[in-house]
Amino acid sequence: MTAHYTIGIDLGGTNIKGGVLDASGTLVHRRSIETQAEHGFEHVFARLVRLVEDLIRGAGLAKSDVAAIGYGTPGPLSHKKGIVYASANLPGWKNIPLRERFSAATELPVTLDNDANVAAFGEFVAGAGRGVRDMVMLTLGTGIGGGVIVNGELVRGALENAAEIGHMIAVPDGRPCPCGQRGCLERYGSANAIAERLVEAVQAGEDSSLKVRLDAGETITSVQVAQAARAGDALALRIWDETCYYLAIGCVSLQHILNPARVVLAGGLIGAGQQLLGPVRDHFHRETWRLAEDFPQIELAALGSDAGVIGAATLARIEQRKESPH
Ligand SMILES: [Zn+2]
């Protein structure tokens, strides 16, 4: 009997999400557990293996019903070699032959990709990218993650590090980035960058309704900056608008390199909804060229936290078909 199901796993610093996709690509069962990253690699790995067993049992399946596991994880990593070189927020993850280990422990084929890529692929097949062949996704959170799909396929790059959109330089000689460059897009357009820039401006003497919270020792978040902007706070409004401007010029660069049909914005920052999307679209149309009307549609992601699981499981299915075409 042919195995009709695939499992998707999305590993994050806080939670591990897992799901089971049926042959039609529908998510039929899902489960989320804590990562417990502080206990190191072997502990997290044992949790991963148990999660796969629980998913199979929870969906009422046998192992023989499952064709493969797709696994999304923070990188850098090699999809081709199946190795995770390192992972931010995951202590002890260094040069792990994860595909081999995970496959041996579960007795199932495993495919490995970075978390931003699998989330983008999930949106592409089942969310905001449906109906197009060329899509770029920007995940706006702590930093900016990226995923690029060209002609229906995920672009991984010659050295498997494509789509690091957050590290495109938006401002020459700009704000330093932990990656070692200056002026990276994620230092201006991520959720963290919004909060940081507001705090710096207040510390430099600018006035804001958020100053009292800052003086009380509170941590300022992008959600608070968004609220303050909606309430008319001049500094919050300026920083929010600048953020939308930087994201828009990032979209212009992506338009000219890739000519995507759609640019999808995802991640925590899209909780602001139209407050984000409206100005990004407005700035985009002010800043882009006039030579052709080859503009991407700019949209918000639709799948929320299911995107990674759906994308990982779908990529595993594609990989299986390549290896056993009959
Ligand atoms: Zn950078």
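The values are calculated or read from the model by the stated rules, or taken from the named source; none is laboratory data. Just so we're clear, the structure is a prediction, and the values are computed from it rather than from any experiment. Cβ placement follows ideal geometry from the backbone for every residue including glycine, while neighbour counts extend to all protein chains displayed.
Just name the residue that is surrounded by the most Cβ atoms within 10 Å (Cβ to Cβ) out of those in region 44-82 that are aliphatic (A, V, I, L, M) and free of Cβ contacts under 8 Å to residues at least 24 places away in the same chain. Don't jump to the end; show me each part of the working.
Residues of region 44-82 that are aliphatic (A, V, I, L, M), as a first pass: 44, 46, 48-49, 51-52, 55-56, 59, 61-62, 66-69, 77.
If we keep only those that are free of Cβ contacts under 8 Å to residues at least 24 places away in the same chain as well, we get 46, 62.
Details: ALA46: 13, ALA62: 10.
Looking at residues that are aliphatic (A, V, I, L, M) and free of Cβ contacts under 8 Å to residues at least 24 places away in the same chain, I get ALA46.
Look through region 172-205, keep the residues that are among the hydrophobic types (A, V, I, L, M, F, W, C) and near the ligand (Cβ under 9 Å from one of its atoms), and return whichever of them is nearest to PRO260 (Cα to Cα). Talk me through it step by step, then tell me what you get.
Filtering region 172-205 for residues among the hydrophobic types (A, V, I, L, M, F, W, C) gives 177, 179, 184-185, 191, 193-195, 198-199, 201-202, 204.
Filter again for near the ligand (Cβ under 9 Å from one of its atoms), leaving 177, 179, 184-185.
On the way: CYS177: 27, CYS179: 27, CYS184: 22, LEU185: 19 Å.
In this case the residue turns out to be LEU185.
As a summary of the residue check, ALA292 satisfies the conditions (1) surrounded by fewer than 21 Cβ atoms within 10 Å (Cβ to Cβ); (2) under 23 Å from GLY131 (Cβ atoms); (3) touching a residue at least 12 places away in the same chain (Cβ under 8 Å); (4) not basic (Lys, Arg) except for the one numbered (3).
Can you say whether GLY141 is within 16 Å of the ligand (Cβ to nearest atom), of a type outside the set (A, V, I, L, M, F, W, C), closer than 18 Å to VAL280 by Cβ and modelled with pLDDT under 95, as far as the supplied structure shows? Spell out how you get there, then give the answer.
On the way: within 16 Å of the ligand (Cβ to nearest atom): yes; of a type outside the set (A, V, I, L, M, F, W, C): yes; closer than 18 Å to VAL280 by Cβ: yes; modelled with pLDDT under 95: yes.
The answer is yes for GLY141.
The set of residues in region 176-194 that are touching a Lys or Arg at 6+ places or on another chain (Cβ under 6 Å) and part of a helix (DSSP H, G or I) comprises ARG187, ALA193. Residue pairs whose Cβ atoms lie under 6 Å apart, separated by 6 or more positions or on different chains, with the first residue in region 4-33 and over 17 Å from PRO109 (Cα atoms) and the second among the charged types (D, E, K, R) and buried (at least 17 other Cβ atoms within 10 Å of the Cβ), are LYS17/ASP10; SER32/LYS17. In region 144-171, what residues are under 15 Å from LEU185 (Cα atoms), of a type in the set (A, V, I, L, M) and either assigned to a strand (DSSP E or B) or within 12 Å of the ligand (Cβ to nearest atom) (or both)? ILE144, ILE165, MET168, ILE169, ALA170, VAL171, listed by residue number. Put simply, of ALA195, ALA261 the only residue that is at pLDDT 95 or above, closer than 30 Å to GLY129 by Cα and out of contact with any helix residue (DSSP H, G or I) (no Cβ under 7 Å at 6 or more places or on another chain) is ALA261.
Among residues of region 198-218 that are assigned to a loop (DSSP other than H, G, I, E, B), those with a beta-carbon under 8 Å from a residue that is surrounded by 17 or more Cβ atoms within 10 Å (Cβ to Cβ) and of a type in the set (D, E, K, R) at least six positions away or on a different chain give the pairs SER208/ASP233; SER209/ASP233; LEU210/ASP233. Looking at ILE310, is it of a type outside the set (Asp, Glu), part of a helix (DSSP H, G or I), at negative phi and under 19 Å from the mean Cα position of the chain (by Cα)? For ILE310, the condition - of a type outside the set (Asp, Glu), part of a helix (DSSP H, G or I), at negative phi and under 19 Å from the mean Cα position of the chain (by Cα) - is met. Each residue in region 32-65 was checked for being part of a helix (DSSP H, G or I) and polar (S, T, N, Q), and 1 pass.
Screening HIS285 on (1) more than 25 Å from THR142 (Cα to Cα); (2) surrounded by 22 or more Cβ atoms within 10 Å (Cβ to Cβ) shows it passes everything except condition (2).
Just give me the residues in region 230-243 being more than 13 Å from PRO279 (Cα to Cα) and buried (at least 22 other Cβ atoms within 10 Å of the Cβ), in sequence order. Matches in region 230-243: ALA236 only.
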